[in-house]
1. Which ordering of 57, 93, 66 is given by a fewest-first count of other beta-carbon atoms within 10 Å?
2. Taking amide H positions as placed in the peptide plane 1.01 Å from N, state which residues far from residue 122 in sequence (5 or more) or on other chains have amide H under 5 Å from it.
3. To make sure I understand, if each residue's beta carbon is the centre and we count other beta carbons within 10 Å, what order do 54, 42, 127 fall in, fewest to most?
4. Using only alpha carbons, build the gyration tensor for region 43-134 and give me the equivalent ellipsoid semi-axes, biggest first, whole Å.
5. Starting at the first residue of region 90-101, write each ³J(HN,Hα) from the Karplus equation 6.51 cos²θ - 1.76 cosθ + 1.60 with θ = phi - 60°, in whole Hz, x for Gly and Pro.
6. Starting with the fewest neighbours, write out 90, 104 ranked by other beta-carbon atoms found within 10 Å of each beta-carbon.
7. What ³J(HN,Hα) values, in whole Hz, does the Karplus curve 6.51 cos²θ - 1.76 cosθ + 1.60 give for region 76-87 when θ = phi - 60°, with x put for Gly and Pro?
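Read-outs: derived from the displayed coordinates by stated rules, not from any lab. Small disclaimer: the values here were computed from a predicted structure and weren't measured. Here the Cβ positions follow ideal geometry from the backbone for every residue, glycine too, while neighbour counts run over all protein chains shown.
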Amino acid sequence: MNSSGELLQSDWVTSRSFQLLRLDLSFIGYCVLGGRWSSALERGIQSILFTEDEVEYRDFCRKYGYDEGDKAAWRKWTNKKCDILALWSHIWYNGDIFVADDNHFHKPAKKLKLIELGAGKILRPLEVVEMLDC
């Protein structure tokens, strides 16, 4: 989505793809059940972007000392998990360009590993606008 709120082509493609089912995060009818390969991809993205030992919310809370009922902790974990699921969907459905402004996608070492995992190009919104010559 650009600064005017208009959908970019990559937003449209991602919005038409299904995400890996995660209870409390997914919408029934817009997700797919995980299996060996799909879960391995999720763990691969998780280990690159964050750490592998906080895949589940309870593990995240235990690692950082949060109470599982803490809404702020839930929002932090959910933000991370949504980033992972968005990139999972992009890779799983063979997207060409992943558009994200979050810095953790653009750290050089992480970005290279994500590209090797199948992410294709990872660009910031303004880079996409420049590339499309809008």
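1. Details: 57 20, 93 13, 66 17.
Taking fewest neighbouring Cβ atoms as first place, the list is 93, 66, 57.
2. Amide H to amide H, under 5 Å and 5 or more residues apart or across chains, residue 122 pairs with 98.
3. Working: 54 18, 42 22, 127 15.
Going from least to most buried by this count: 127, 54, 42.
4. Working: eigenvalues 153, 40, 23 Å².
In descending order, the three semi-axes are 28, 14, 11 Å.
5. Calculated HN-Hα couplings, in order: 4, 5, 4, 9, 6, x, 8, 10, 9, 9, 8, 9 Hz.
6. Numbers: 90 25, 104 14.
Ranked by crowding around the Cβ, least crowded first: 104, 90.
7. Working through the residues one at a time gives 5, 5, 4, 4, 4, 5, 5, 4, 5, 5, 5, 5 Hz.
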